[in-house]
Amino acid sequence: MPLTTLLSRLRVGPAVTILSLPLLVFSTTAAATLGPFEHGSGIIAQGLGGVAYSMAEEAGALAANPAHASGLGARYDIGLHTFFPKAIAGFEGTTDDRSTRNDGRRTFFIPQGGMIWKLPGKWSAGFASTAAGLGPDYKQSPYERFGGARRSYLFFSSATLNTALGYALTPTQSLGIGVNLGYQKLKAGGLEFLDNPQSSVAPGHVTDRGNDGAFSIGFSLGWTGELIPGLRGGLGYRSRNWTQKHEKYRGLLPQGGRLTLPAIYGGGLSWQVHPQWTFGADYQRFDYHSGGRTFENGIGQLFNEGQRFGADDGPGFGLNNQSVYKFGASYRASPTLTLRAGYIGGTQIIRSSDTLLAQFGTFTTNTHYTLGFTKVWQAWEISAMGYDTPRQTVRGRNSLGPLGPGEASASFAVRGFGISVGRRLP
């Protein structure tokens with residue numbers, strides 16, 4: 001089938017197609033590459049080191065900054081992010097120092113999509129789908145030594161429809177606001193060693209309870225504009241999600257089953273130094289402590305404070321807030337071909353005292369190297385990206401408490417690629 005024929009068929013019902021993309025997240029477990037999140041909003045941004053607050057060439061960028069709805073024009077984008085994570089749960093100084101690999105599943109997919117419409121006057125509207133999640137699945141569980149089952153897993157998928165309403169204050173300055181509507185799913189197994197009155201406030205609601213869903217809602221704010229000719233700025237704020245409790249796992253998660261994604265905010269600059277060259281940089285902050293106890297509290301709540309799993313102040317993943325620095329370069333090689341590269345570096349969110357549960361979180365990576373390109377055919381755009389995240393290991397210190405002696409370590413690496421189709425509309 002000719003490429004132009006295939007692309008023309010995508011024009012039928014693009015809004016219906018893209019709106020269904022968040023549902024596809026639940027046909028696969030969505031792990032991610034920057035904590036539980038993807039490293040960028042859309043395939044183009046992911047090839048540009050995740051830079052998206054001041055630079056945008058696709059509808060997916062609305063998830064980072066809803067003000068982009070006013071500057072991109074009418075368009076839609078559909079894509080797929082595919083990646084291959086490798087997690088290793090290790091132990092040192094114990095009676096059995098074998099490492100365990102996350103080998104239950106090795107390939108993950110996250111659909112991408114978004115759309116923008118021009119409205120009367122200075123208004124524009126749009127939406128973008130995003131996903132977050134965790135997906136470790138150990139055929140040989142690292143927790144079997146403590147009394148868990150032979151296999152252990154924790155599947156968490158969150159799909160969000162990020163709406164955006166943009167207003168052009170001037171030809172070079174725009175504001176945006178959006179409502180983020182989400183649904184998330186949790187499933188855990190192999191944690192029998194925690195399913196008892198000494199470890200949990202609700203035994204029987206800790207492990208192997210099947211899938212449990214919860215709805216969520218949040219909001220976004222943004223600004224983007226030209227500061228001086230050739231230099232643009234952007235700011236974005238994404239609130240934490242207000243989320244229903246996962247009642248089936250009220251004996252595992254703090255606050256009776258609450259798992260709330262954190263607030264994310266930041267800003268960026270982009271500088272077109274030459275008609276062919278543009279450079280961008282973003283600072284992004286992941287405020288995990290705004291999301292409730294599940295991300296903030298660590299295993300020390302149980303070991304040192306006697307707070308059991310499921311309690312209001314019970315144990316969680318024990319994450320630090322994270323600062324992330326993103327850098328990207330875009331080169332327009334010809335009127336129909338743009339090349340991109342980027343780098344991401346961030347602070348480590350895993351505490352050395354919380355590596356035991358981090359083996360379920362696969363949170364250790366904070367460095368990315370990215371490449372990407374876009375090829376244009378008339379009103380159509382084909383974009384692709386690839387990235388490598390080198391293995392990073394966090395070794396524990398006082399991480400096993402009364403389960404010791406020894407320490408737990410968490411290690412994670414991931415590589416991936418993605419492709420998207422975009423169309424500019426009249």
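The values are calculated or read from the model by the stated rules, or taken from the named source; none is laboratory data. Just so you know, these numbers come straight off a predicted model, no measurement behind them. Cβ: placed from backbone, ideal geometry, glycine included. Neighbour counts: every protein chain shown. Ligands, DNA and RNA are excluded from the accessible area calculation, which covers all protein heavy atoms including side chains. Shrake-Rupley method; radii C 1.70, N 1.55, O 1.52, S 1.80 Å.
Points to keep in mind about this one:
- The criterion of being buried (at least 20 other Cβ atoms within 10 Å of the Cβ), part of a strand (DSSP E or B), touching a strand residue (DSSP E or B) at 6+ places or on another chain (Cβ under 9 Å) and modelled with pLDDT under 95 holds for Thr160.
- Any hit, segment 91-109, residues being crowded, with 22+ Cβ neighbours inside 10 Å, touching a residue at least 12 places away in the same chain (Cβ under 8 Å) and of a type in the set (D, E, K, R): no
- Checking the stated criteria, Arg308 turns out not to satisfy the condition of being under 23 Å from Thr243 (Cβ atoms), surrounded by fewer than 20 Cβ atoms within 10 Å (Cβ to Cβ) and touching a strand residue (DSSP E or B) at 6+ places or on another chain (Cβ under 7 Å).
- Within segment 51-97, the set of residues being assigned to a strand (DSSP E or B), out of contact with any Phe, Trp or Tyr (no Cβ under 8 Å at 6 or more places or on another chain) and of a type outside the set (Asp, Glu) comprises Arg75, Tyr76, Ile78, Gly79, Gly90, Phe91.
- For segment 58-75, the set of residues classified as buried (at least 24 other Cβ atoms within 10 Å of the Cβ) and within 13 Å of Gly422 (Cβ to Cβ) consists of Glu58, Ala59, Gly60, Ala61, listed by residue number.
- Cβ-Cβ under 6 Å pairs, at least 6 apart or on other chains, segment 214-240 side on the phi < 0 side of the Ramachandran plot, far side acidic (Asp, Glu) and part of a strand (DSSP E or B): Arg232/Glu226
- Residues that are assigned to a helix (DSSP H, G or I), out of contact with any strand residue (DSSP E or B) (no Cβ under 7 Å at 6 or more places or on another chain) and either open to solvent by 10 Å² or more (accessible area, probe 1.4 Å) or of a type in the set (Asp, Glu) (or both) within segment 248-265 comprise Gln255, Gly256, listed in sequence order.
- For segment 322-365, the set of residues classified as assigned to a loop (DSSP other than H, G, I, E, B) and buried (at least 22 other Cβ atoms within 10 Å of the Cβ) consists of Ile349, Thr362, Phe363, Thr364, Thr365, listed by residue number.
- Residue match in segment 273-280 (condition: buried (at least 19 other Cβ atoms within 10 Å of the Cβ), touching a His at 6+ places or on another chain (Cβ under 6 Å) and not polar (S, T, N, Q)): no
- Considering residues of segment 100-141 that are more than 30 Å from Leu72 (Cβ to Cβ) and part of a strand (DSSP E or B) only, the residue farthest from the chain's Cα centre (by Cα): Thr100
- Members of segment 183-194 found to be open to solvent by less than 10 Å² (accessible area, probe 1.4 Å) and not in a loop (DSSP other than H, G, I, E, B), listed by number: Gln184, Leu186, Ala188, Gly189
- Taking segment 195-238 as the range and being assigned to a loop (DSSP other than H, G, I, E, B) and among the acidic types (Asp, Glu) as the test, the residues that pass are Asp195, Asp208.
- Of everything in segment 114-128 that is open to solvent by less than 10 Å² (accessible area, probe 1.4 Å) and of a type in the set (Gly, Ala, Ser), the residue that is nearest to Thr260 (Cα to Cα) is Ala128.
- Those residues of segment 385-412 which are surrounded by fewer than 19 Cβ atoms within 10 Å (Cβ to Cβ), of a type outside the set (S, T, N, Q) and touching a residue at least 40 places away in the same chain (Cβ under 8 Å), in sequence order: Gly386, Arg391, Arg395, Arg397, Gly401, Pro402, Leu403, Gly404, Pro405, Gly406
- Within segment 387-397, the presence of a residue that is modelled with pLDDT under 90 and more than 21 Å from Gly79 (Cα to Cα) is excluded.
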